[in-house]
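The values are calculated or read from the model by the stated rules, or taken from the named source; none is laboratory data. Nothing here was measured: the structure is a model prediction, and the numbers come from that model. In this analysis, Cβ positions are derived from the backbone assuming ideal geometry, glycine residues included, and neighbour counts consider all displayed protein chains. For accessibility, only protein heavy atoms count, side chains too; no ligands or nucleic acids. Shrake-Rupley method; radii C 1.70, N 1.55, O 1.52, S 1.80 Å.
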Amino acid sequence: MNKNDIIELVIDDMSVEGAGIGHLDGMAFFVKDAVTGDKVRCVVTKVKKTYGYAAIREIMEPSKDRVEPRCAVSKRCGGCTLQAMSYEAELRFKQNIVRNNLKKIGGITDVEIQPVIGMNNPWNYRNKAQFPVGIDKEGKNIYGFFAARTHDIIPASDCHLGIAENREIMELIIGWMNSHGVSAYDEADGTGLIRHVLIRKGFATGQIMVCLICNLDEENTREEFEALSVKDRLSGLEKKIAGISELVKTIGKVTGMTSISISPNSIRENTIMGEYTLTIWGKDVIVDRIGDISYEISPLAFYQVNPVQTKVLYETALEYAGLTGDEVVWDLYCGIGTISLFLAQKAKKVYGVEIIPDAITNARRNAEINNITNAEFFVGAAEDIVDTLPSSDVIVVDPPRKGLDERCIDTIVRVSPKRIVYVSCDSATLARDLRQFVDAGYTIEKVQPVDQFSKTCHVETVCLLSNRKADSHIKLSLDMDEYYDIIEKEQAENK
Ligand code: SAH
């Protein structure tokens with residue numbers, strides 16, 4: 001098999017990144033934009049020892065799960081990889097990802113993976129967008145999304161995952177850049193001003209925030225503007241961003257606009273947001289509501305992107321926590337206290353831990369505005385702080401994609417809560433971490449994926465672990481032989 005060979009494949013599987021997989025002559029070929037069940041003619045683009053890559057030339061027989069993508073740029077944009085697949089097939093595919101990861105990475109086979117809880121309308125669900133701003137080949141200012149694996153901006157003015165206001169706001173910003181000669185950031189040489197625009201909307205309240213991420217020196221900007229009133233910041237900023245007052249006036253008129261800020265970021269890395277934000281119009285935060293709880297959200301804080309499914313996710317986590325009102329609960333990686341405050345309604349006491357100080361400011365304030373007095377929040381890395389917390393009956397964790405820190409797992413096992421509720425946005429690291437909990441004596445009771453990110457390959461999973469032997473304090477650092485020795489000794493002593 002060589003590069004540029006034309007081959008015919010029947011797609012019989014999907015990769016975790018959403019590419020179709022077909023087999024030929026003992027080799028697996030990854031085919032972008034193919035769907036399980038497709039029969040395709042492809043050109044081989046790369047050959048390795050046991051696998052290769054191929055690009056579709058012709059769909060000879062479409063899969064019964066194939067549908068017409070809704071978006072014109074779905075193949076080029078790095079956002080949606082599953083638009084050519086029916087939603088039912090997408091949900092089955094995601095259930096399979098979780099099942100395979102638990103099996104292959106965690107060696108976990110004896111637990112049923114529940115069908116993924118999907119959405120009634122799996123479109124326009126995102127409450128947040130971060131648009132890169134740049135220039136096209138003709139030198140025109142553009143916005144859109146990065147293409148898969150590159151930083152080429154694919155113009156995408158009507159993304160079907162986002163809110164209608166995105167387009168309105170972005171076109172006002174691009175128009176303002178054009179008429180005031182405000183430059184777009186150029187990653188190649190680190191010049192230009194406007195890097196990204198963050199837009200976030202509270203679905204329950206209609207409140208909108210816009211944050212312009214600008215290529216400005218963080219230290220100078222902070223020194224110059226932090227102590228000033230919002231009005232004075234704006235007039236001072238005119239020297240750095242000509243016409244900013246006019247922009248603010250214009251986008252301030254968009255229905256629901258509540259907060260406009262800038263975030264200086266001159267660091268030539270991929271991190272989108274700068275270290276801090278400066279409000280230049282309206283409030284520092286927007287408010288949103290999930291269930292009965294209201295949340296204040298600042299631009300830097302993490303907030304789940306799919307509010308409809310977030311409610312389902314948190315209700316599942318709350319159900320799994322099995323609270324009666326007597327429990328002390330930790331909510332590790334708590335963000336702005338979203339899950340903590342859900343839990344606080346049914347627990348004796350909740351301790352939330354989060355690394356971003358702004359998020360904890362939001363969390364404390366959120367407890368206050370909801371009159372919740374049994375939740376306390378701490379800033380810091382979960383792995384550093386959990387040791388200082390009082391003992392816990394239930395521990396909820398909701399880490400970023402990289403999963404739990406080894407030390408954090410160690411402490412959780414030492415604290416030995418009756419139940420652990422693991423909320424995960426990456427089932428690969430979930431599987432790795434579950435293995436450790438299982439080895440330490442925990443039983444996986446339930447695994448429930450919830451579709452938070454329709455049309456993309458990401459899957460959110462809630463998992464309940466129980467400690468059927470709540471008094472076993474087994475140190476994780478032991479290897480398996482030592483572990484079995486201890487179990488045997490314990491059993492002998494109990495006889
Ligand atoms: N449970 C929250 C947030 C989940 S996202 C919600 O549903 O809204 C994960 C959070 O973990 C982010 O807010 C991130 O800032 C935080 N985080 C990342 N690393 C951390 C660490 N080592 N210790 C504590 N929090 C951390």
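Return a yes/no flag: does the stretch 86-98 have any residue that is modelled with pLDDT of 95 or more, closer than 15 Å to HIS196 by Cβ and open to solvent by less than 30 Å² (accessible area, probe 1.4 Å). Give the derivation first.
Filtering the stretch 86-98 down to residues modelled with pLDDT of 95 or more leaves 86-98.
When the remaining residues are screened for being closer than 15 Å to HIS196 by Cβ, the result is none.
No: zero hits.
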ask   = When ARG289 is evaluated against the numbered criteria (1) assigned to a helix (DSSP H, G or I); (2) within 16 Å of the ligand (Cβ to nearest atom), which criterion, by number, is the only one it fails?
value = (1)
ARG195, sole failed condition from (1) more than 27 Å from the chain's Cα centre (by Cα); (2) charged (D, E, K, R); (3) crowded, with 21+ Cβ neighbours inside 10 Å = (1)
ask   = For the stretch 329-338, does any single residue satisfy the condition of being away from the ligand (no atom under 12 Å from the Cβ), modelled with pLDDT of 95 or more and touching a Lys or Arg at 6+ places or on another chain (Cβ under 8 Å)?
value = yes
remark   = Per the list (1) open to solvent by 80 Å² or more (accessible area, probe 1.4 Å); (2) not in a helix (DSSP H, G or I), residue check on GLU171 breaks on (2)
query = Mind checking which pairs have a first residue in the stretch 48-67 that is free of Cβ contacts under 8 Å to residues at least 12 places away in the same chain and a second that is outside any loop (DSSP other than H, G, I, E, B) and crowded, with 16+ Cβ neighbours inside 10 Å, Cβ under 9 Å, 6 or more apart or different chains?
reply = LYS48/MET27; LYS49/MET27
query = Given GLY144, GLY206, which one is part of a strand (DSSP E or B) and small (Gly, Ala, Ser)?
reply = GLY144
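Would you check if LEU341 is in a helix (DSSP H, G or I), more than 9 Å from the ligand (Cβ to nearest atom) and modelled with pLDDT of 95 or more?
Details: in a helix (DSSP H, G or I): yes; more than 9 Å from the ligand (Cβ to nearest atom): yes; modelled with pLDDT of 95 or more: yes.
Considered against the rule, which asks whether it is in a helix (DSSP H, G or I), more than 9 Å from the ligand (Cβ to nearest atom) and modelled with pLDDT of 95 or more, LEU341 comes out as yes.
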message = Given the condition within 13 Å of the ligand (Cβ to nearest atom), within 21 Å of the chain's Cα centre (by Cα) and in contact (Cβ under 8 Å) with a residue 12 or more places away in the chain, answer yes or no: does some residue in the stretch 384-392 qualify?
response = no
Near pairs, Cβ below 7 angstrom, 6+ apart or cross-chain, from the stretch 350-367 (in contact (Cβ under 8 Å) with a residue 60 or more places away in the chain) to any residue that is near the ligand (Cβ under 10 Å from one of its atoms) and outside any loop (DSSP other than H, G, I, E, B) = ASN362/ILE297; ASN366/TYR295
note = Scanning the stretch 292-303 for residues that are under 16 Å from the mean Cα position of the chain (by Cα) and over 13 Å from ALA204 (Cβ atoms), the one farthest from the ligand (Cβ to nearest atom) turns out to be PRO299
query = Pick from TYR314, TYR351: which is within 13 Å of the ligand (Cβ to nearest atom) and not in a helix (DSSP H, G or I)?
reply = TYR351
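Please go through the stretch 147-168 and pick out each residue that is in a helix (DSSP H, G or I) and either over 25 Å from LYS253 (Cα atoms) or open to solvent by less than 60 Å² (accessible area, probe 1.4 Å) (or both). Let's see the steps before the verdict.
First, the residues of the stretch 147-168 that are in a helix (DSSP H, G or I): 165-168.
Residues satisfying the conditions are GLU165, ASN166.
Here's the yes/no breakdown for (1) within 19 Å of PRO299 (Cα to Cα); (2) assigned to a strand (DSSP E or B):
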residue	(1), (2)
VAL210	yes, yes
GLU224	no, no
SER235	no, no
ILE241	no, no
LEU247	yes, no
THR258	yes, yes
SER261	yes, yes
ILE267	yes, no
ILE272	yes, no
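Among SER266, SER340, SER294, which is surrounded by 23 or more Cβ atoms within 10 Å (Cβ to Cβ) and among the polar types (S, T, N, Q)?
None of the other options fit; the residue is SER340.
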message = Looking at (1) of a type in the set (Lys, Arg); (2) within 15 Å of the ligand (Cβ to nearest atom); (3) not in a helix (DSSP H, G or I), which one does ARG364 not meet, given that it meets all the others?
response = (3)
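List the strands (runs of 3 or more DSSP E) that sit entirely inside the stretch 388-495 and contain at least 1 residues that are at pLDDT 95 or above, open to solvent by 40 Å² or more (accessible area, probe 1.4 Å) and under 19 Å from ALA321 (Cα atoms). I'd like the intermediate steps shown before the answer.
Values: elements: 394-397, 419-424, 443-450, 460-466.
In the stretch 388-495, 419-424, 443-450 are the strands (runs of 3 or more DSSP E) which contain 1 or more residues that are at pLDDT 95 or above, open to solvent by 40 Å² or more (accessible area, probe 1.4 Å) and under 19 Å from ALA321 (Cα atoms).
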